[in-house]
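Okay, so here's the structure we're looking at.
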Amino acid sequence: MQQLVSCLGLWLFLQLPCLGSGTRVVYKVQEEQPPNTLIGSLAADYGFPDVGHLYKLEVGAPYLRVDGKTGDIYTTETSIDRESLRECQQLFPGDPCFLEFEVSITDLLNNSPRLLEGQIEVLDINDNTPNFASPVITLAIPENTNIGALFPIPLAMDRDAGANGVASYELMPGSDAQKLFGLQVAEDQDEKQPQLIVMGNLDREQSESYDLTIKVQDGGSPPRASSALLRITILDMNDNAPKFEKPTYEAELSENSPIGHSVLQVKANDSDQGANAEIDYSFHQASDMVRRLLRLDRATGLITVQGPVDREDVNVLRFSVMAKDKGANPKTARAQVVITIKDTNDNAPSIEIRGIGLVTHQDGMANISEDVPVETPVALVQVSDRDEGENAVVTCVVAGDVPFQLRQASDTGSDSKKKYFLQTTTPLDYEAVKEYVIEIVAVDSGNPPLSSTNSLKVQVVDVNDNDPVFSQSTAEVAFPENNSPDDLVMEVSATDADSGSNAKLVYSLVAEPSSKGIFSIDPESGEIRVKTVLDREQRERYEFLVVAADKGSPSRKGTASVAINVMDRNDNDPKFMLSGYNFSVMENMPPLSPVGMVTVIDADKGENAFIQLSVEQDNGDFIIQNGTGTILSSISFDRERQSTYTFRLKAVDGGDPPRSAYVGVTINVLDENDNAPVIISPSNASYKHILPHTSPGQQVMSVGAEDIDSGINAELQYSITGGNPYELFKISPQSGNITLEKEILRKHHGLHRLVVRVNDKGKPSRHGTALVHFYVNETLTNRTVLEILVGHSLDTPLEIDIAGDPEYERRKQRSNILFGVIAGIVAVTLVIVLVVLVRYCRQKEAKSGYQAGKKETKDLYAPKQGNKGNKAKSKVKKSKSPKPPKPAEDEEETGLQKSLKFNLMSDSVSDSPRIHLPLNYPPGSPDLGRHYRSNSPLPSIQLQPQSPSASKKHQVVQDLPATNTFVGTGDSNSTGSEQYSDYSYRTNPQKYTNKQLPHRRVTFSAANQAQDLQDPSQHSYYDSGLEESETPSSKSSSGPRIGPLALPEDHYERTTPDGSIGEMEHPENVSPQRSRL
């Protein structure tokens, strides 16, 4: 520890500056110091200024660095190794090792530099371990060697110097050699020479070799040591060792001597004879450079040149030559050789130009501002010559006419190494000369003299007084979206009228906060690139500023405005506003009606957003309007056929390639009350037998109906609208169950026909009508008569009630017939009187005069005389085909039916007389019945209240449908059926023969008989559309067709109120005699 403290104190003492003559600075420092170790402070140690000056290390890198403000000198990351320094490798033992440095001190006020030269003595430390040349050392010792004989051991080498060099050797023999060998260290020419001492008698026959360990240790603190194996081989005896003629050989060798040039010859003699006197020469402890430059002849000892010799690389070669005889026990001798290298003028002066102070050089160019003052140094010029003596004396000048000159920078330089400042002599003007090439010439004093040149390009730097200017102050560019990151958008360019760094521009972006990080610009080229993927749908336009700043000091800037419009690409699919559409429409809508509207959008723009809509799985039921998105139906909906329609809509945009989207559409057809209830049970021609003792409240029948509509349109209500004069029955409005409400009396016996109407709850409501027959009687014996009654019920208009005892009804009908007959007789009497009066008046006119060519008018409706009537009847009988005689038992029934028909036709005395005309017309005549049936059926006629018998006059022509259902729209008089009832008791009429013609029945009526006779245009008449054999139930009729008919043609029959039928002929076919009657 004490040794460490003492060494540290010694090192601190050595740090004190050693002041030499002049301004030369000398510091001492130990080698291998860590980085940033302070070596010395120029300002503190030598009084140099520490304010307003700049210290810069000019020479000394990379081992040193200088603080620019204080001048403190520090070590760097590159360690100072004394043994590795080029300057210290050829030193003799004891010579100091110096590391030279140069520091420039520049006054910042006037930019005036000063050069300071210094040396740092590198002190050796024990950082190297002494080592033998080989880990195994071999010595040959002859047997019978005298005790006390010495044999030299090869030296160990230590790269350290002084006390840190080799200090001691130690021999560590084994147990077998401990008494035979010893070690002695001799001092020879400042070297410690280890020698082996023979301490006992050697006998090769006992042992041929011995292995010992020899240790070497240096004198450092702490010491460093190493060892090697010393192998001793026992040989036969060699008495005399070789001996050199002189211990030291010296010679001079000119540099650049040719290879093979003889330098000197060493000579050694051996007193032995034979092989023991033959000598072999070899280098001993010679450096690599000696072995590279020189060659030693092993037989003669002649030293010659074998490599290029350069004094500038090495000026002295020191080495030893060993002479060894060739005896069995060889002996050696050594001689010291010193060869001094003589200089020749083979090196031209070297000119080194480098920056000084604030002026830096790059690639042989110095930049000087045009406003620098005169005598401003622009470079430090160092001129040196590697030769010596007169060959190294150098003269240096500036060639050419340039405003620069050399001024010596230091007085401490030698003749072979001088330093100069290259400084300005006149003010510089950039506008006049922008660049100077300064050539420096250096000439040495050799014979012949050598010279060299070096040049420096000085570029006058312009003062930064111009702003950068863009070629376009405003730029606008279109750039597509969905780009790749780092795509080039555009390139901007600006110019600066200045030069150099003042004209070098750096581009940057000034963007608003929403645009930051989206675009970048290359600072050098001005290329604007996009850093992210642009999406036009998010933002369509970007605006920012581009700034061009020069590199002057202070920097000047220029700006330009850039706008980037993002172009659209077809990168978005059309999008329906809903994931699926459901529309509800009413059925029975006309085709091309709108059923719904869809909305589809496309985030793109232009053609990419132009959307075409179409129906997928198109079966023609729907079309869609592209402009509005309205879905139209090509069909009229019928919910009962199909209640739901499902299809897809396809939206295709106009991009390239196009993009599409699909959406499902469901059309729900809402119900409309377009179907009337349908009666399921009971059948119109069926009946139910009810016993008279059936108790009231008992269900006797159930009416079943259904409606194919839905919802409220299919909710049904049942009601009895006719045939229940005694209110004997009641129907449930909801279920249609018919129950007996009252006790059955005697008058209730017989057939009852209930007219049941089934209404739905739609708006407007629709209905169906069912006939429900009940037969009240104790027994059900005569089913045939009952079926006839039911058939009669089907032919009976719905306004007529069929309920109860038939006798009661017959009595009522007989009274009606009686009143009808009386009214008929009165009417016939009045007609006869009128006819007689008319005929009388015509005969009176005929007697008064005759008008030629004028036919008498024949009263088509006047009754004929008896005899004529008989003739007419006979004619009618002739025109008809003969009928088979009726049985006697049927006459009564036939008369009953005739009277029944008459009663049905005229129920009251006040009814107008009606004439039934069975129409007989020959082939080719117009068929009015077919004509009326071919036309569209006229609507039902509601007779006005002023017609007394309006509700009964036409009931004979009203049909009952053969099926169960009557369909109506609110008009109770409108009924229809196209087929005969399954239970009709009427038989089909016989086919006509060739001579039989069909009859048409036309009924005429007159509200005022007197008026009708006077004005035939006031007649009211209708065509029932029935042939004589047809019944109202066998043909479809919606009521009597009322309107003016054409005049009756041939063979029209006239039906008088009494039911007789007469024949009418055209006046042209009447004979003159008949016309006069």
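The values are calculated or read from the model by the stated rules, or taken from the named source; none is laboratory data. Computed from a predicted structure; not experimentally measured. Because the Cβ atoms are built from the backbone with ideal geometry, glycine has one as well, and the counts that use them run over all protein chains shown. What goes into the accessible areas is simple: the full protein's heavy atoms, side chains included, and nothing from ligands, DNA or RNA. Shrake-Rupley method; radii C 1.70, N 1.55, O 1.52, S 1.80 Å.
Phi angles of segment 454-461 translate, via the Karplus equation with coefficients 6.51, -1.76, 1.60 and θ = phi - 60°, into HN-Hα couplings of 8, 10, 10, 9, 9, 9, 6, 8 Hz per residue; Gly and Pro are given as x. Once both labels are positioned 7 Å from their Cα atoms along Cα-to-Cβ, the gap between Met157 and Thr532 label points is 6.9 nm.
Met365 exposes around 50 Å² of accessible area when a 1.4 Å probe is run over every protein chain in place.
Taking a point 7 Å out from the Cα of Ile623 in the direction of its Cβ, the residues of segment 560-603 whose backbone N falls within less than 11 Å of it are 592-593.
Which percent, to the nearest 5, of DSSP beta bridges fully inside segment 575-670 are antiparallel?
On the way: 23 of 30 bridges.
Roughly 75 percent of the beta bridges in segment 575-670 run antiparallel, per DSSP.
Zone of Asp313 (label point 7 Å along Cα→Cβ, backbone N under 16 Å): which residues in segment 281-300? Counting only backbone N, you get 287-295. Taking all protein chains as shown and a probe of 1.4 angstrom, Lys516 keeps an accessible surface of around 140 Å².
Amide H contacts for Ile438 (H built 1.01 Å from N in the peptide plane; partners 5 or more residues away or on another chain; cut-off under 5 Å): Leu456, Lys457, Val458. The alpha carbon centroids of segment 158-180 and segment 428-459 are separated by 61 Å. Taking amide hydrogens as placed 1.01 Å from N in the peptide plane, the amide H of Asn256 sits under 5 Å from those of Val309, Asp310, Arg311, each at least 5 positions away in sequence or on another chain.
What FRET efficiency do you get for Ser287 and Asp95 if R0 is 22 Å and r is their Cβ-Cβ distance, rounded to the nearest 0.05? Result of the calculation: an efficiency of 0.90.
Restricting attention to segment 243-342, close to 75% of DSSP beta bridges with both partner residues there are antiparallel.
Residue by residue, segment 547-555 carries 3J(HN,Hα) couplings of 10, 10, 10, 7, 9, x, 10, x, 6 Hz when phi is fed to the Karplus relation 6.51 cos²θ - 1.76 cosθ + 1.60 (θ = phi - 60°); x denotes Gly or Pro. Based on the reciprocal of the average 1/r between different C-alpha atoms, the Kirkwood radius for segment 243-342 equals 13.9 Å. In this simple spin-label approximation, Glu476 and Lys844 carry label points 7 Å from Cα along the Cα→Cβ vector, and these lie 11.4 nm apart.
Would you mind classifying segment 350-461 by shape? Square roots of the alpha carbon gyration tensor eigenvalues, ordered a ≥ b ≥ c; an a/c under 1.5 is rounded, otherwise it is prolate if a/b is larger than b/c and oblate if not.
prolate
One decimal place: the segment Asp571-Ala149 gains 141.4 nm when fully extended, by the rule 0.36 nm per residue minus the C-alpha distance.
Ordered by solvent-accessible area of protein heavy atoms (1.4 Å probe), largest first, the residues Thr233, Thr694 come out as Thr233, Thr694.
Taking each residue as 0.36 nm, the span from Thr425 to Thr495 lengthens on full extension beyond its C-alpha to C-alpha distance by 21.8 nm. On full extension, the segment bounded by Ile712 and Thr70 gains 220.2 nm, given 0.36 nm per residue less the C-alpha separation. Measuring r between the beta carbons of Arg641 and Val469 and using R0 = 60 Å, the FRET efficiency lands at 0.15.
Given a 1.4 Å probe and the protein chains as shown, Ile720 ends up with an accessible area of around 50 Å².
For segment 678-809, the share of accessible area belonging to carbon and sulfur comes to 51 percent (1.4 Å probe, ligands and nucleic acids excluded).
Using 1/(1 + (r/R0)^6) with R0 = 25 angstrom and r between the beta carbons of Arg86 and Gln405, what's the FRET efficiency to the nearest 0.05? Calculated value: 0.15. Label sites at Lys557 and Ala61, each approximated as a point 7 angstrom past Cα along Cα to Cβ, lie 3.4 nm apart.
Keeping the other protein chains in place, figure out the carbon and sulfur percent of the accessible area of segment 131-235, with a 1.4 Å probe.
Roughly 46 percent of what the probe reaches on segment 131-235 is carbon or sulfur.
Scalar couplings 3J(HN,Hα) for segment 660-667, obtained by applying the Karplus form with A = 6.51, B = -1.76, C = 1.60 to θ = phi - 60°, are 9, 8, 10, 8, x, 10, 10, 9 Hz; x denotes Gly and Pro.
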